[in-house]
Protein chains: 2
Amino acid sequence: VSALIGLDWGTTNARAFRFDAEGAVSERREATRGILNVEGGRFADALAEMVGDWRRASPAAPILLCGMIGSRQGWREAPYVGLPAAEADLAGRLVAIEDGAIRIVPGVSGEGLSGAPDVIRGEETQIFGALELIGARSGTFCMPGSHSKWVEMRDGRLVRFATFLTGESFAALKDHTILGRLMSDAAAHDPDAFAAGLARARAPGGLLHHLFSVRSEGLFNRIGGDALASFLSGLLLGHEVQPAIAAFASKDVTIVGSAALAAPYVSAIDAFERRPRHVAGDDAVARGLWRIATAARLVRS
Amino acid sequence: VSALIGLDWGTTNARAFRFDAEGAVSERREATRGILNVEGGRFADALAEMVGDWRRASPAAPILLCGMIGSRQGWREAPYVGLPAAEADLAGRLVAIEDGAIRIVPGVSGEGLSGAPDVIRGEETQIFGALELIGARSGTFCMPGSHSKWVEMRDGRLVRFATFLTGESFAALKDHTILGRLMSDAAAHDPDAFAAGLARARAPGGLLHHLFSVRSEGLFNRIGGDALASFLSGLLLGHEVQPAIAAFASKDVTIVGSAALAAPYVSAIDAFERRPRHVAGDDAVARGLWRIATAARLVRS
């Protein structure tokens, strides 16, 4: 039996968690059923496919969803909550579907570092879980991904955040510009080239100038073809971490994400003289779903 | 009859110029016969196709080539000349093919603004022509393109330059990331959105953060789908022009290129409080070919 079924339902993947009455995760699943992989809006079918057996075993268990499933392209749009956002603000603005059997956590909107609109969906749930996992109420959080998010928490409230298009820019520049031409196909992570990219990010000239050096370092055989992708990765992470730490002053930065995504960020944040700490993204989002369900009185803590 | 046949032979296109005894261009041609469009290294055939009739009419006329034709992927590699580079340095390092009937102008290598290796090929010839056309021996030059070049000339010598991957980054980000999703297919240049992009480049957060605002400005309907590409263009040009003018101190910036490529750079450089001036790229490279041919005593001035 489950006290709660929770899903972090994103763009390409969905992760499902089954919680016992104490809020511990008793089972977890992952499927490539992100909202872009669900045809014709058949989200109810996709949900049944992923957790139908859990629902049949515990028909009364509430279901809580977070992530892009609450976007305009998702199952039902859950309008953004503004800043500052406490757990109770999210819990008070859940959007109900199927007569309340299923609820969706809203995203959060604010202004990024430049004054432009900025948005998160899914990370707000992760962050409240991560806060509990590290036993803090304040801090700076970095959530790597196609669109990396940096978030500042103060006294248990989400007060500021910023998105960086790092991961997606890396893929587009590597696969669709001349920079990829000198790169070997199956290259492993090269720590020295990655560190050289981080260092280059601190030099004058700006990112668009530094990008050309990915080609010239290869042309002059200063960095080999099997290390150039790591150099580009370090360069882009440097151009994310440098302005981020300038804006988010905390000495400690908690990285929330998978071990694979977190590893280069640990190096990068360390290179920029901040203290990195890692929390698994899965654990954080599961804990956040339970906390929000509790705050919304869907379950008893 | 021709005193000289000159070609600016680049990656995708080639432009040919026929010069009379006074160095005036009597005829010009353009063909999509850049080095990537010449199969199996048959450059001699491609040259015959483009200017065979000119050669038959003036068998004694020397032929001078500049641009990527002198790269490792071109007809014959013309090794880079170092900085500072005067016209005489280029003229003294021409690489001869076909028993000297044809000569290739070398490119120039140096260190960019970040200390990384940097290279130009073709622009060195344009710049010496542009210098004559504006009647100067010093100045800052901007040459827009897939890879924009900024060049500093002092007392008739090329002393410093830097490459920015602006044009290619624009295409990759527009066509291969989520940023293109909200953009209309056939969008005209939108001066207001372009100016907003230039202004965003001056805000805190860095380029990777600013890129996400291309999406968020669209999501919140602050910039329409038919103006978002102009916003992205302004954003990237701002991220080129800002570090470039910080490094190249001259108040006047001469933009060398086609009218279409130059127009947004005129706006951008103006927005960053420098005085832009435009010289047609065709005229500049033709003049540069003549000048280098003269310095090499291939023709008499």
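Rounded to the nearest 100 Å², what is the sum over both chains of accessible area buried where B meets A, with a probe of 1.4 Å?
Result for this pair: about 3800 Å² buried.
Could you check how much of the accessible area of the protein assembly as shown is carbon and sulfur, as a whole percent, using a 1.4 Å probe?
With neighbouring chains kept in place, the figure for the protein assembly as shown is 47 percent.
Would you mind checking which residues have amide H under 5 Å from B:LEU4's amide H? H placed 1.01 Å from N; only 5 or more apart, or other chain.
For B:LEU4, the qualifying residues are B:PHE19.
Mind putting a number on the dipole of the protein assembly as shown about its Cα centre? Charges go on the C-beta only, +1 for Lys and Arg and -1 for Asp and Glu, and I need it in Debye to the nearest 20.
For this selection, approximately 600 debye.
Give, as a single signed number, the net charge of other residues whose beta carbon lies under 15 Å from the beta carbon of B:GLY167, with Lys and Arg counted +1 and Asp and Glu -1.
My count for the surroundings of B:GLY167 gives -1.
Tell me the label-point distance for the pair A:ASN37, B:GLU273, using the 7 Å Cα-to-Cβ offset, in nm and rounded to one decimal.
Result for the modelled spin labels: 5.2 nm.
Quick one: net charge around B:GLY115, please, counting Lys, Arg +1 and Asp, Glu -1 for every other residue with C-beta under 14 Å from its C-beta.
Every neighbour counted, the sum reads +1.
Tell me, what is the per residue accessible area of chain A in Å², probe radius 1.4 Å?
Computed with neighbouring chains in place, this is 40 Å² per residue.
What is the dipole size for chain B, taken about its Cα centre, with +1 at each Lys and Arg Cβ and -1 at each Asp and Glu Cβ, in debye to the nearest 20?
It comes to approximately 400 debye.
Suppose each label sits 7 Å from its Cα in the direction of the beta carbon; what would the A:ALA188-A:THR294 distance come out to in nanometres?
The answer from the label model is 4.3 nm.
Over all directions, how big on average is the projection of the convex hull of the alpha-carbon atoms in the protein assembly as shown, in square nanometres?
With the hull built on Cα positions only, its mean projection is 28.4 nm².
Under the Karplus relation 6.51 cos²θ - 1.76 cosθ + 1.60, θ = phi - 60°, what is the ordered set of whole-Hz ³J(HN,Hα) values for the range B:235-247, x standing for Gly and Pro?
Using θ = phi - 60°, the values come out as 4, 5, 4, x, 6, 8, 5, 4, x, 5, 6, 5, 8 Hz.
Quick check: from the Cα gyration tensor, does the range B:193-261 come out rounded (a/c under 1.5), prolate or oblate?
Here the range B:193-261 falls in the oblate category.
Taking the dipole about the Cα centre of the range B:2-127, with the C-beta of Lys and Arg at +1 and of Asp and Glu at -1, give me whichever of B:ALA44, B:TYR80, B:SER26 is farthest to the positive side.
So the residue furthest toward the plus end is B:ALA44.
With a ≥ b ≥ c the root eigenvalues of the C-alpha gyration tensor of the range B:221-282, is it rounded (a/c under 1.5), prolate (a/b larger than b/c) or oblate?
The shape class here is oblate.
May I ask which residue of A:LEU182, B:GLY135, B:PHE170 lies farthest towards the positive end of the charge dipole of the protein assembly as shown, with charges of +1 (Lys, Arg) and -1 (Asp, Glu) on Cβ and the Cα centre as origin?
Most positive-ward Cα: B:GLY135.
Which ³J(HN,Hα) values in Hz, rounded to whole numbers, follow from the phi angles of the range B:208-222 under the Karplus curve 6.51 cos²θ - 1.76 cosθ + 1.60, where θ = phi - 60° and Gly and Pro get x?
Whole-Hz 3J(HN,Hα) from phi for the range B:208-222: 5, 6, 4, 4, 5, 5, 4, 6, 5, 4, x, 4, 8, 6, 7.
So in chain A, what percent of DSSP beta bridges are antiparallel if you round to the nearest 5?
The antiparallel fraction comes to roughly 65 percent.
On C-alpha positions alone, give me the angle between the axis of helix A:191-201 and the longest principal axis of chain A, in degrees, nearest 10.
80
Please give the solvent-accessible surface of A:THR163 in Å², to the nearest 10, using a probe radius of 1.4 Å with every protein chain present.
0
Cut-off 16 Å, label point 7 angstrom out along Cα-to-Cβ of B:LEU219: give me the residues of the range A:104-122 whose amide nitrogen falls inside.
Only A:105-122 pass the distance filter.
Just going by the charge dipole of the range B:229-281, with Lys and Arg at +1 and Asp and Glu at -1 on Cβ, which of B:PHE231, B:PRO243, B:ILE269 is farthest out on the positive end?
Farthest towards the positive end: B:ILE269.
Could you work out the relative contact order of chain A, using alpha carbon pairs under 8 angstrom and six or more residues apart, expressed as a whole percent?
18
Which FRET efficiency value, to the nearest 0.05, do you get for B:ALA199 and B:ASP175 by plugging their Cβ-Cβ distance into 1/(1 + (r/R0)^6) with R0 = 25 Å?
0.50
Compute the Cα gyration tensor for the range A:1-87, then decide on rounded, prolate or oblate, letting a ≥ b ≥ c be the square roots of its eigenvalues: rounded whenever a/c is under 1.5, prolate when a/b is larger than b/c in the other cases, and oblate in all that remain.
oblate
The values are calculated or read from the model by the stated rules, or taken from the named source; none is laboratory data. What you see is a predicted model; the values in this text were computed from it and never measured. Positions of Cβ are generated from backbone atoms using ideal geometry, with glycine treated the same way; all protein chains shown enter the neighbour counts. Side chains included, ligands, DNA and RNA excluded: accessible areas come from the protein's heavy atoms. Shrake-Rupley method; radii C 1.70, N 1.55, O 1.52, S 1.80 Å.
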